[in-house]
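First up is the structure itself, then whatever we jot down about it.
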Amino acid sequence: MLTINDNFLRLAPSYLFSDIARKVADYRGANPDAQVISMGIGDVSRPLCDASVDAMLKAVEEMRHAHTFHGYGPEQGYAFLRQAIADNDYTARGIDINADEIFISDGAKSDTGNIVDIFAATTKVALTDPVYPVYFDSNIMAGRSRSSIEFMPVNEANGFIPDMPLSEPDIIYLCYPNNPTGTVLTRHQLAAWVDYALEHKSLILFDAAYEAYITSSDIPRSIYEIPGARKCAIEFRSFSKTAGFTGLRCGFTVVPHDVVGYDHHGDKVQLHSLWLRRQTTKFNGASYPVQRAAEAIYTPEGKQQIRQTIHYYLENAATLRLSLIDSGLTVYGGTDSPYLWVKTPKGLSSWDFFELLLHQADVVVTPGVGFGNAGEGYVRLTAFASHENTAIAARRITDLLK
Ligand code: MLT
C-alpha cells in the first residue's frame, strides 16, 4: 500500500489562484458575452521589452548551430547573468553582494517554496497575516506543525507593519513591497527587523519580487542595504513583474556566504553550501535563451525599456487609487507597488465583494481572506491590466458603488 505525504491533506484543497480561476471560468462559461477584466492574479499584460526579445532571438539562433549550441548550463545560472545582477542590482547601489552568492532560478515562487528543503521541520517560523500563500503552504508540505508557525497580523491598526514576533522564530518571512497589501517598509523599519534577526539568530527570508516598483528614496530595494543583513537574510527576486517574465520564467535568490544555520551538534553550516547542494541535485537551471533575455534588461536600452513598462503599471495603480478613493473606498498600497489593498464597502466579506464585482462589474479581484484570516474584509487589485482596461474597470466599480 502506497502511503502518501499526508501533510498535503493539511492544506486547503486547492491553491488560491486556482480556485479563483475556476470561479472565473464558470462565470465566463455562463456569460460568454461578458467582457471580464482581470485584476486578480498578478499577471502582467505588457509584452517583453525589445532588448530581451532581441537577445532571446540571438540565443535561439545560437542553439541552431553545433559550434554555438548550449546544452546543460550551470545549475546556479550562467556567469554572464549572475555578474550583470551583481554589478547592477547590488555593486552599483553600494551593496556588497558577489556574483557567486546569486543563484538563478525559474522564479521567486519556486525558490520561496523550495527553500524550506534546507531547514529542519522543527524550526519555528513567523509569517505575516495576510501572506503570499506559497510561504505557508510550502511549510505545511514540509511537515512543519501549525503550532510552530506564528502569524503576525498586519492591519490598519499597525499600519500594515507587523509587530515583532512573540515566539522567537528561527525563520521570518518578509515580503516588501508587500504582496498582498501593497504596503512598504522604510529603511528604518526594515533595520529593526535586521537588528531583531541578528540579536535572536533568526533568518529573514526577504521576498523583494516587487522592488522595481519602488519610487520613494527612503524605501530600501534590497535588504542588503541594511548593515548586518548579509549575516541574517536570504533575498528572493523575480524578473516576472520587473520585466514581464511571468510566462518566460526567471528569477534569482541571493544567499550570502555569511548566513549560517546550525547542525545537531551546534556547529555552523553555511546556508550557501546547502542551497547549492539542493539546487545542483534538484534543478537544472533556467534555459540559456531565457537567461540571455534576463541579461538584456541590464543593458542601457533594456533598463530604459523596462522602466517605461513599470511606469505604465504605476500609472494604472494611480488611476485605480484615485478612482476607488473617489468612490468612497479605503485604499492602501498602489504607490510603490503594483498592488492595491481595498477595504470592502458596507462590511461585506472578501468573497461577497469578489462575487459582487465579478457578477455586477465583470471585474476579477482577489479576496483578501484568501491570503489569511486578517485579510477578511479586503480585496486585492492589481495594476497589471492595460490602461484601457484599468480605466474601464475603475469606471465599472465606481458605477456599481454609486
Ligand atoms: C500574485 O498574484 O500574488 C502573484 O502573481 C503570484 C505569483 O507571483 O506567484
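Read the figures in this text as sums done on the coordinates, not as results from a lab. Every value quoted in this text rests on a predicted model; they were computed, and no experiment measured them. Methodologically, a virtual Cβ is constructed for each residue, glycine included, from the backbone with ideal geometry; neighbour enumeration extends over all protein chains shown.
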>> What number does the range 74-159 give for Rg over Rh if you use C-alpha atoms and the Kirkwood radius?
In response: 1.08
> Can you list the residues, at least 5 places off or on another chain, whose amide H is less than 5 Å from the amide H of A233, using H built in the peptide plane?
Replying inline: I204
> Can you give the Rg to Rh ratio for the range 120-194, taking only C-alpha atoms and Rh from Kirkwood?
Replying inline: 0.96
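Counting DSSP beta bridges in the chain, what percent are antiparallel, to the nearest 5? Could you put the intermediate results ahead of the total?
Numbers: 21 of 39 bridges.
Bridges in the chain are about 55 percent antiparallel.
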> What is the total of Lys pairs in the range 51-298 with C-alpha atoms under 16 Å apart, excluding same-chain pairs fewer than 8 positions apart?
Replying inline: 6
>> Defining a contact as two alpha carbons under 8 Å apart and six or more residues distant in sequence, what relative contact order in percent does the range 151-196 show?
In response: 24 percent
> Of Y378, Y339, Y196, which has the largest mean-square fluctuation in a 10 Å C-alpha GNM of the chain?
Replying inline: Y196
> Cα-based Rg of the range 27-115 per 2.2 N^0.38 Å, rounded to two decimals?
Replying inline: 1.58
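Relative contact order (percent) for the range 248-380, with alpha-carbon contacts under 8 angstrom and 6 or more residues of separation? Write out the running numbers ahead of the final one.
On the way: 133 pairs, mean separation 17.5, N = 133.
Taking the mean separation of contacting Cα pairs over the length of the range 248-380, I get 13 percent.
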>> List the residues, sorted by chain then number, that are 5 or more residues from T344 or on another chain and whose placed amide H is less than 5 Å from its amide H.
In response: Y378, V379
>> Positive end of the dipole of the range 51-298, charges at C-beta (+1 Lys, Arg; -1 Asp, Glu), about the Cα centre: which of S138, A192, L127 has its Cα farthest in that direction?
In response: S138
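So how much slack lies between D100 and D267, counting 0.36 nm per residue of separation and subtracting their Cα-Cα distance, in nm?
Details: separation 167, 0.36 × 167 = 60.12 nm, distance 2.35 nm.
Length gained, D100 through D267: 57.8 nm.
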> How much length is gained on full extension from K201 to N31, taking 0.36 nm per residue of separation minus their Cα-Cα distance?
Replying inline: 55.7 nm
>> If I build a Gaussian network model for the chain, linking alpha-carbon pairs within less than 10 angstrom, which residue out of A79, A212, A374 has the largest mean-square fluctuation?
In response: A79
> Name the residues of the range 103-145 whose amide N is less than 13 Å from a point 7 angstrom out from the Cα of L276 along the C-beta direction?
Replying inline: 103
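Counting alpha carbon pairs within less than 8 Å and at least 6 residues apart, what relative contact order, in whole percent, applies to the chain?
Working: 754 pairs, mean separation 91.7, N = 402.
Rounded, it is 23 percent for the chain.
Which translational diffusion coefficient, to the nearest whole µm²/s, is obtained for the chain from the Stokes-Einstein equation, given a Kirkwood hydrodynamic radius over C-alpha pairs, 37 °C and 0.692 mPa s?
Numbers: Rh = 22.1 Å.
Rounded to a whole number, D works out at 149 µm²/s.
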> Can you give the calculated 222 nm mean residue ellipticity of the chain, where each DSSP H run of n ≥ 4 adds -39,500 (n - 2.57) and the sum is split over every residue, rounded to the nearest 500 deg cm²/dmol?
Replying inline: -11500 deg cm²/dmol
> Amide H neighbours of C175 under 5 Å, counting only residues 5+ apart in sequence or on other chains, H built in-plane at 1.01 Å?
Replying inline: D207
> From the backbone phi of the range 202-216, what are the Karplus-calculated ³J(HN,Hα) couplings (6.51 cos²θ - 1.76 cosθ + 1.60, θ = phi - 60°) in whole Hz, Gly and Pro given as x?
Replying inline: 8, 10, 9, 9, 9, 8, 10, 4, 10, 4, 5, 8, 6, 10, 7
> Of L57, L174, L320, which has the largest mean-square fluctuation in a 10 Å C-alpha GNM of the chain?
Replying inline: L57
